[in-house]
Each structure stands twice: as structure tokens, then as C-alpha cells.
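To start, the structure itself, in C-alpha cells.
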Amino acid sequence: MHSAVTRLVEIVPPGSPRRTRDWNAVERALGTPLPEDYKELVEVYGGGVFDETVWLFDPECPDEHSNLVAQFAERERVLGLLWQSEPKPAELDRPGTRVLPWACIEGSGAMLYWLAGPGQSPDEWTVMFNEGRGPEWEHHATRCASFLLAVLTGESDSSYFSDLPADSHQFDSNGEILGEED
């Protein structure tokens with residue numbers, strides 16, 4: 001298991017038993033392989049929200065706002081419209097580079113993306129944060145599980161998580177929130 005996922009399990013115990021996703025089907029639907037640390041996060045936790053702040057997308061979530069596949073399509077549409085009126089972040093200047101969503105921030109419209117460059121392995125993708133209701137983007141040269149761990153422990157250099165770290169950590173699964181089995 002990725003070291004950041006192991007550490008997350010230590011500080012934020014998962015609520016439900018581990019459940020495997022059909023990653024081959026998910027990756028076919030998305031048209032891209034996904035990072036291993038992300039797949040481990042979803043298999044350990046499922047989709048849901050960490051410390052009432054970071055919503056991890058799950059390809060099996062019935063709610064489109066938390067479903068990875070639905071968010072891939074939605075973000076592609078939204079960003080296509082956005083970049084007709086605003087410039088793309090400099091990190092996207094290289095042809096073939098794109099951002100792919102993996103989480104969002106509760107109540108803010110902010111999104112967490114992978115920065116995926118041409119020829120890169122998904123395990124080399126780093127994190128881009130977009131404030132959502134404004135033009136600001138931050139690049140973090142780390143993988144998604146490591147970024148999540150840094151945010152929850154207060155070790156992130158992002159200026160957007162001033163409410164964290166929390167005194168105690170929690171994870172609320174989509175199943176608990178939606179009143180369904182996870």
C-alpha cells in the first residue's frame with residue numbers, strides 16, 4: 001500500500017470494509033489508466049468526505065456530484081467553457097497536458113485535479129487545486145494521497161485549507177451520507 005494511504009488509515013480509520021472496484025471497466029470508461037494511490041484510497045475508504053472538507057470521488061457513487069466518471073465529463077465541459085474566457089494555468093501550456101478531477105472541496109466549488117502530461121504514467125501525475133469560483137490555481141508536485149495527507153495533517157503549503165487540520169479526523173462515506181449501502 002502507498003505510504004500516504006497507510007498513514008491516512010492510521011489517522012482516519014475507514015468506516016466500512018474494503019471493497020474492490022472494477023478498475024479495468026472504470027479506466028475503459030474514462031479512456032485513461034488511474035494512479036495506484038487513488039485506487040487504494042477508494043478501495044480502502046470508498047467515496048466520501050474527509051474532515052467535512054475533501055470529497056473523494058468514487059466511480060461507483062450513485063450521486064453524479066461525487067462520481068468520478070460523471071465528474072470527468074462534467075469538468076471537461078466546464079473547463080472547456082472556462083478557458084474560452086480565462087487563460088489556462090501555465091502548467092497546461094505543454095500540448096497534450098490536461099487536468100482530470102479526483103476530489104472537490106465541500107461548499108466552495110473548489111476542485112482537486114491530477115495534472116496529466118503526455119507520456120506520463122498516472123503514478124507520476126501531480127495535483128492541481130482550483131479555487132472554483134475564481135481564477136486561482138495551485139500546483140503541488142505530489143501525488144493525490146500524499147496531498148490529501150498533507151492537507152489533513154496541516155503540512156500542506158496550500159493557502160486554501162485554513163480550517164485544517166481538525167482536532168480529530170473523520171471520514172463520512174457516500175453510503176452514510178446518501179443513506180445507502182456503501
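The values are calculated or read from the model by the stated rules, or taken from the named source; none is laboratory data. Since we're looking at a predicted model, the values are computed, not measured. Neighbour counts run over all protein chains shown; Cβ positions are idealised from the backbone, glycine included. Side chains are part of the model used for accessible areas, which takes the heavy atoms of the whole protein and leaves out ligands, DNA and RNA. Shrake-Rupley method; radii C 1.70, N 1.55, O 1.52, S 1.80 Å.
Going by a ≥ b ≥ c, the root eigenvalues of the Cα gyration tensor, does the stretch 1-56 fall in the rounded group (a/c under 1.5), the prolate group (a/b larger than b/c) or the oblate group?
prolate
Across the chain, Cα-Cα distances exceeding 29 Å account for 15% of all pairs. Against the chain, whose longest principal axis is taken from its Cα atoms, helix 36-45 shows a tilt of about 40°. Considering only Ala145, Leu100, Val54, and ranking their Cα positions along the charge dipole of the chain that arises from unit charges at the beta-carbon of Lys, Arg, Asp and Glu, the one farthest toward the positive end is Leu100.
Give the ranking of Glu155, Glu64 by solvent-accessible surface, highest area first, calculated with a 1.4 Å probe. Intermediate results must be reported in sequence, preceding the final value.
On the way: Glu155 145, Glu64 115 Å².
The ordering from most to least exposed comes out as Glu155, Glu64.
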